[in-house]
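Visitor: Below is one structure. I have some questions about it.
The values are calculated or read from the model by the stated rules, or taken from the named source; none is laboratory data. Computed from a predicted structure; not experimentally measured. Cβ atoms come from the backbone with ideal geometry, glycine included; neighbour counts cover every protein chain shown.
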Number of protein chains: 10
Amino acid sequence: MDKLAMTETIMAAKADKGWSWEEIAAQVGLNPVFVTSACLGQSSMPREYGEKLTAALGLSGEVVEALAVCPMKGTEQAVPTDPLVYRFYEIMQVYGTSVKEIIHEKFGDGIMSAIDFTLDVDRQEDPKGDRVVVTMNGKFLPYKIW
Amino acid sequence: MDKLAMTETIMAAKADKGWSWEEIAAQVGLNPVFVTSACLGQSSMPREYGEKLTAALGLSGEVVEALAVCPMKGTEQAVPTDPLVYRFYEIMQVYGTSVKEIIHEKFGDGIMSAIDFTLDVDRQEDPKGDRVVVTMNGKFLPYKIW
Amino acid sequence: MDKLAMTETIMAAKADKGWSWEEIAAQVGLNPVFVTSACLGQSSMPREYGEKLTAALGLSGEVVEALAVCPMKGTEQAVPTDPLVYRFYEIMQVYGTSVKEIIHEKFGDGIMSAIDFTLDVDRQEDPKGDRVVVTMNGKFLPYKIW
Amino acid sequence: MDKLAMTETIMAAKADKGWSWEEIAAQVGLNPVFVTSACLGQSSMPREYGEKLTAALGLSGEVVEALAVCPMKGTEQAVPTDPLVYRFYEIMQVYGTSVKEIIHEKFGDGIMSAIDFTLDVDRQEDPKGDRVVVTMNGKFLPYKIW
Amino acid sequence: MDKLAMTETIMAAKADKGWSWEEIAAQVGLNPVFVTSACLGQSSMPREYGEKLTAALGLSGEVVEALAVCPMKGTEQAVPTDPLVYRFYEIMQVYGTSVKEIIHEKFGDGIMSAIDFTLDVDRQEDPKGDRVVVTMNGKFLPYKIW
Amino acid sequence: MDKLAMTETIMAAKADKGWSWEEIAAQVGLNPVFVTSACLGQSSMPREYGEKLTAALGLSGEVVEALAVCPMKGTEQAVPTDPLVYRFYEIMQVYGTSVKEIIHEKFGDGIMSAIDFTLDVDRQEDPKGDRVVVTMNGKFLPYKIW
Amino acid sequence: MDKLAMTETIMAAKADKGWSWEEIAAQVGLNPVFVTSACLGQSSMPREYGEKLTAALGLSGEVVEALAVCPMKGTEQAVPTDPLVYRFYEIMQVYGTSVKEIIHEKFGDGIMSAIDFTLDVDRQEDPKGDRVVVTMNGKFLPYKIW
Amino acid sequence: MDKLAMTETIMAAKADKGWSWEEIAAQVGLNPVFVTSACLGQSSMPREYGEKLTAALGLSGEVVEALAVCPMKGTEQAVPTDPLVYRFYEIMQVYGTSVKEIIHEKFGDGIMSAIDFTLDVDRQEDPKGDRVVVTMNGKFLPYKIW
Amino acid sequence: MDKLAMTETIMAAKADKGWSWEEIAAQVGLNPVFVTSACLGQSSMPREYGEKLTAALGLSGEVVEALAVCPMKGTEQAVPTDPLVYRFYEIMQVYGTSVKEIIHEKFGDGIMSAIDFTLDVDRQEDPKGDRVVVTMNGKFLPYKIW
Amino acid sequence: MDKLAMTETIMAAKADKGWSWEEIAAQVGLNPVFVTSACLGQSSMPREYGEKLTAALGLSGEVVEALAVCPMKGTEQAVPTDPLVYRFYEIMQVYGTSVKEIIHEKFGDGIMSAIDFTLDVDRQEDPKGDRVVVTMNGKFLPYKIW
């Protein structure tokens, strides 16, 4: 079972159950963004969690194996066209160099890891219209001097 | 005075003072990321703040005007090559579709605004290595049904 | 049923009925451009409207569900080659910076929303040759100062 | 005097006068979008109008000549990165095929001209936030059968 | 029947008859380039001509309908690799700006229409090697001053 | 004197004289498209013609030498954005495969030369709007069988 | 039978016979590079040779017809990634302008034809390691002065 | 002295002397293609040859040093637009896979070196039109099995 | 059996056996990176090794033949999006010119062969976190002076 | 002093001294690849080392400051054209997926860091031709499960 078939299988079971990603994630005991990315084939999920997920959704051990495979990550579009995804590309285009300045001032030369990294998406109530809060949390990695 | 000359002028004054973006931002009364993006020519700064900034750095009114101009935003590179900036591109490539799924579940069809939007960069102390925390906060904009 | 199958099903039913998009839209109670974009898989249609559309065209509830899904939007071609679609790309290339100047003068720094947005296509009779009138109406979104 | 020098000259005079594009356009007797596009070097302005414009701004006859030259149109970026300009690209990506369907149904095979074409930008007051209204008006050109 | 299946059906019938595009076009009463482009799915052919074409080739009414559909035009390759097609790209690269200069001098600012447009391909006998003569004939469209 | 300086020199002299490309070409004894392409640096002009051109325009022998140099041809934009030049790109996109079919039927496998090639631009009067007639005439080159 | 199926059929028969391209070419009476390019669908092979080829390999007349069709030439990759093919791209990148200089000096303005053209690949024995000798032979085509 | 200034210096001296690349190469004792590529900044020329070249052309030792520097090779255009250079790109597009097949049959898996490599350009007299003969000679490099 | 089917067959057998690439490579008697690249269709494996591999995995002679075919190498993505593969692209972007400087100083003008080349991946234990050690070993190839 | 001026200053001093990168690096007490990348503007060099470098080369404190700035890294070319640098791109294209497989098997899901990373270039003597040995050593970073 490849990642594509895995995603379709999980999506169908999720639709049957009528569960949200948050509800599935709660049963697996992990963050909803991580669980979603594993189910969409962009992260590998350790077997112990894959077993909880498939138990909850009533899926076979093949899905556990497929979830555990290290995937080829990323997409085919260099510049995304979907408006929601594009906004993150735009933020990088507009604020990328500013964030670079600030991180270098606060930490020195290095980067924010995108591997030792977590991502949260939250809803913030606001009378003028609710807000999406995306929190990225990555280890600072200083460049090695050698 | 165009944006390029404006940035060079501000950078030189900043180096002379030996101030960080945080210190400058505190004197202007705005967020450091916003102040940096205005100084790098990616945001327009209202004159009332521009005057505080130039007063602090000892710069002319021309800089106030240049800061107030609405800039052509974004950069020339479709895919960034700087490792720090690239990591944000990578996050969009790897987690973009997951974030899309979660936002649609929590809010319905629409996007997180990149305009009615704020961005913070913080340092989180951690014994295993300090962490960079980037918080994006944008108004949810539902697609209009017409 | 994915968006592709949904579009094919609707197109076949539309051809059988011999209805135009305008006639279908009138029965749904929405604008023809919006209805077309939902049927082509570029917008999500709320179930209450999807039910009217499928009732009119004699289609199943699966189509209602498929119409309600939030789609991956946009197309694969960065620069369109179809001459009709290309003209809109050309307008952006030739007049984009002018429109930017005018909007900034009239509204300040910000953008016209493409989300809180409607689009109309009308026919204007003209003895020298009828004219296409495309009206875009989007909320102005000022950049947040933070 | 090439187009680049012409734009800089006009921009400086405009800033000195403190006039908006609307005010300049009123003195020239043409639409503000057209006048802006001519001043930015994307349209050619007939000499009779160029003379009014330079008279108002106190500029030389060289500017009249430069405005009359047929320019190389368009910009270097295939996909714009400025958020305001990008929204028009996004509209073409998301609604382009829908507009194509509607125009073909209303007019048959052909296109909306981007040459025999006018473009207006208006402000529509709205208690929930003012709106930008962009109206494109182009002659329908049917494909010749030969 | 989509355009792809339509093209295959026509090509098979054409091969069976052993007719050239010129012979088919003569029976339809249209220019061979136009007939070919309609059969390859790049133009829409009005039903009255589609009926003559299908009558001659012994094809069904489905083909008439498929020929009448307004197609998505153009190809996937931004720069063609086929040597014959590439030469037209090369001509535009090498002589495009010269043709622009000449048309502007002869007609003023505007373009040659590619819609109200005909294209002929002829063979010119020449003792030093026969020549291909391609004649493009498009209405001049002056830019509207508004 | 490089090609860029050569073009500027010729353009200035041409503007001073107030001559069209047709008038210059008549004095040189060559086709206006060819003369224009040589002056824009896209063709090399033999010295005997370069001398006539510089004599007419009152230019130095350096210009004769610069005109005679074999240039690097073509432009930097893979897809042109100028609307007039783009229409030729669009014609290749839409009709390229049809022209290929017709040429192969009339001549066999091979191409129309873009080197042993002439190009004419003419104005055809028409009560419904004058027309641009572009005639390309290239030697047919059959593929060698070896 | 399209070109793809044709190539597969020929490759299978070639593998069954255990023949090299050189051995097949010898039976057809043409150059191995030409025969290979025709079998890979990049050249059209006249029927008289196609019949010899199919007779030798025991293939049907359909293959003869498929070989005779004028193909869409070239590949999808603008920059090849296969190391062997890339080296020819690299040679053009590194030595292309030098070859241009030399050809212009020896022949004047014009090009080496890639149509009236032959290509040979030979093995040259060498004690320090055998060498590949690729010989390109194309008619010089002078630019027409018109 | 960088490579750009070096090329300009050599070109000016070459023009003054009125020598061809062949004549210069004869005095240096190397192949004209190699000498041209060194002078255009695409190859490094050992000092012993650089001294002969500068002695012949009457140039300074700075030129010898500049010629000896290992250059950044290749050009900025991924797909060349100059017709002469493009033909080599086209040959790779059309015949690249055939050459790959033949080399693999004659030599096994590996490539023709573009480093241990020579390139010659010759003129072959031919009553039907002289021909350009380009000979590439590169060491075969077998892939290492490890 | 093409390379794609070959890879799938080997991957399935490898999963059944539960062997790592290292264990398979040990049985074949070659380096794990080489064996993996051959199994993924990026290298050709001589039949003597292919037979050992298929014997160990219990696969047919067809797999031996498929492994021996010289493949079209490389992938479709010009810039990789998978984070692990991207890091090697980043290293080339950031350190490519430095490595070029060092190699030229140590060896003169030339390159490191990617053909007469081996690649090793090792695990280095480290109390601060184990390290990946990638060793590339390629023959230096000096540019030929001719 | 920006990075460009800094590189030129260092290169001139290095040429004057006649030192290799290895000799400079020995005086600074760091690896030659790192020192070269800092001098080429691709790494930031801590002031304590920058002072040793400038003391050795006889350069001013401005160079120390310029070396310490965190640079925008990477180059403008997505695919390098210089043959030496391209070979590293080719290695990533051909062996990238194999290295990914091996690292995942040896370490699990994660990447080799390009930040906590060192790079060495060595010369290995070999009677059949000396070899370049490039050793990359990066910390393994496991993906965080959250």
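Visitor: What do you reckon, is H:Pro142 closer than 25 Å to H:Ser20 by Cβ and within 13 Å of chain J (Cβ to nearest Cβ)?
Guide: The answer is no for H:Pro142.
Visitor: Only one residue in E:Gly108, E:Gly96 is surrounded by fewer than 21 Cβ atoms within 10 Å (Cβ to Cβ), modelled with pLDDT of 95 or more and within 30 Å of F:Glu76 (Cβ to Cβ), so which one is that?
Guide: E:Gly108 is the lone residue from the list that is surrounded by fewer than 21 Cβ atoms within 10 Å (Cβ to Cβ), modelled with pLDDT of 95 or more and within 30 Å of F:Glu76 (Cβ to Cβ).
Visitor: Output the residue which, of all residues in the range H:81-109 that are of a type in the set (S, T, N, Q) and closer than 30 Å to F:Pro80 by Cβ, is farthest from the other protein chains (Cβ to nearest Cβ).
Guide: Going through the qualifying residues, I end up with H:Gln93.
Visitor: Just to check your reading of the model, which residue among I:Ile10, I:Ile24 is away from every other protein chain (no Cβ under 11 Å) and closer than 22 Å to I:Thr118 by Cβ?
Guide: I:Ile10
Visitor: While we're on this one: Suppose we filter C:Asp130, C:Asp120 for residues that are acidic (Asp, Glu) and touching a Ser or Thr at 6+ places or on another chain (Cβ under 7 Å); which single one remains?
Guide: C:Asp120
Visitor: I need a count of the residues in the range E:111-128 that are more than 22 Å from C:Tyr86 (Cα to Cα) and surrounded by fewer than 22 Cβ atoms within 10 Å (Cβ to Cβ).
Guide: Going through the range E:111-128 one residue at a time, the tally reaches 8.
Visitor: Go through the range A:90-134 and report how many residues are closer than 23 Å to A:Asn31 by Cβ and hydroxyl-bearing (Ser, Thr, Tyr).
Guide: 2
Visitor: Quick one: what pairs do we get from the range H:131-146, first residue in contact (Cβ under 8 Å) with a residue 12 or more places away in the chain, second among the aromatic types (Phe, Trp, Tyr) and surrounded by fewer than 21 Cβ atoms within 10 Å (Cβ to Cβ), C-beta under 8 Å, 6+ apart or different chains?
Guide: Going by the 8 Å Cβ cut-off, the qualifying pairs are H:Phe140/H:Phe107; H:Pro142/H:Phe107.
Visitor: Okay, next question. Of all residues in the range B:46-80, count the ones that are polar (S, T, N, Q) and outside the structural domain of B:Gly29 (by TED's automatic domain parsing).
Guide: Qualifying residue count, the range B:46-80: 2.
Visitor: Checking A:Leu57 against (1) more than 7 Å from every other protein chain (Cβ to nearest Cβ); (2) without any contact (Cβ under 8 Å) to a residue 24 or more places away in the chain, which test does it fail?
Guide: The one condition A:Leu57 does not meet is (2).
Visitor: Looking only at the range I:80-93, count how many residues are of a type in the set (Val, Ile, Thr) and either at pLDDT below 95 or touching a Lys or Arg at 6+ places or on another chain (Cβ under 7 Å) (or both).
Guide: 2
Visitor: Let me ask something additional. Being assigned to a loop (DSSP other than H, G, I, E, B) and either more than 14 Å from chain C (Cβ to nearest Cβ) or not aromatic (Phe, Trp, Tyr) (or both) narrows it down to one residue among A:Met136, A:Met72, A:Met112; which is it?
Guide: Criteria check complete, one pass: A:Met72.
Visitor: Starting from residues that are part of a helix (DSSP H, G or I) and touching a residue at least 40 places away in the same chain (Cβ under 8 Å), keep the ones in the range G:13-40 and report whichever is surrounded by the fewest Cβ atoms within 10 Å (Cβ to Cβ).
Guide: My answer is G:Lys17.
Visitor: Which one of these is within 14 Å of chain C (Cβ to nearest Cβ) and either closer than 30 Å to D:Ser37 by Cβ or over 16 Å from the mean Cα position of the chain (by Cα) (or both): E:Glu48, E:Glu65?
Guide: E:Glu65
Visitor: Further question on the same structure: Just give me the residues in the range I:85-113 being under 19 Å from the mean Cα position of the chain (by Cα) and closer than 23 Å to J:Ser113 by Cα, in sequence order.
Guide: I:Val85, I:Tyr86, I:Arg87, I:Phe88, I:Tyr89, I:Glu90, I:Ile91, I:Met92
Visitor: Please go through the range H:1-12 and pick out each residue that is without any contact (Cβ under 8 Å) to a residue 40 or more places away in the chain and farther than 19 Å from G:Tyr95 by Cα.
Guide: Result: H:Ala12, single match.
Visitor: Scan (1) acidic (Asp, Glu); (2) within 14 Å of chain C (Cβ to nearest Cβ); (3) more than 30 Å from C:Pro71 (Cα to Cα) for the single condition A:Asp126 breaks and write down its number.
Guide: A:Asp126 satisfies all of (1) acidic (Asp, Glu); (2) within 14 Å of chain C (Cβ to nearest Cβ); (3) more than 30 Å from C:Pro71 (Cα to Cα) except (3).
Visitor: Report the residue count in the range C:1-12 for those that are loosely packed, with under 12 Cβ neighbours inside 10 Å and not in a helix (DSSP H, G or I).
Guide: Here the count works out to 1.
Visitor: I need the full set of residues from the range F:75-86 which are surrounded by 20 or more Cβ atoms within 10 Å (Cβ to Cβ) and in a loop (DSSP other than H, G, I, E, B), in order please.
Guide: Those that are surrounded by 20 or more Cβ atoms within 10 Å (Cβ to Cβ) and in a loop (DSSP other than H, G, I, E, B): F:Pro80, F:Thr81, F:Asp82.
Visitor: For F:Ser43, state whether it is in a loop (DSSP other than H, G, I, E, B), assigned by TED's automatic domain parsing to the domain that holds F:Lys17 and either surrounded by fewer than 22 Cβ atoms within 10 Å (Cβ to Cβ) or among the hydroxyl-bearing types (Ser, Thr, Tyr) (or both).
Guide: In short, yes.
Conditions (1) among the polar types (S, T, N, Q); (2) farther than 30 Å from D:Gln42 by Cβ, marked per residue:
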site	(1), (2)
F:Val28	no, yes
F:Pro32	no, no
F:Thr75	yes, no
F:Ala78	no, no
F:Ile91	no, no
F:Lys100	no, yes
F:Ile103	no, yes
F:Gly108	no, yes
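Visitor: Quick check on my filter: what residues within the range G:60-84 are touching a residue at least 40 places away in the same chain (Cβ under 8 Å) and not hydrophobic (A, V, I, L, M, F, W, C)?
Guide: Result: G:Glu62, G:Glu65, G:Pro71.
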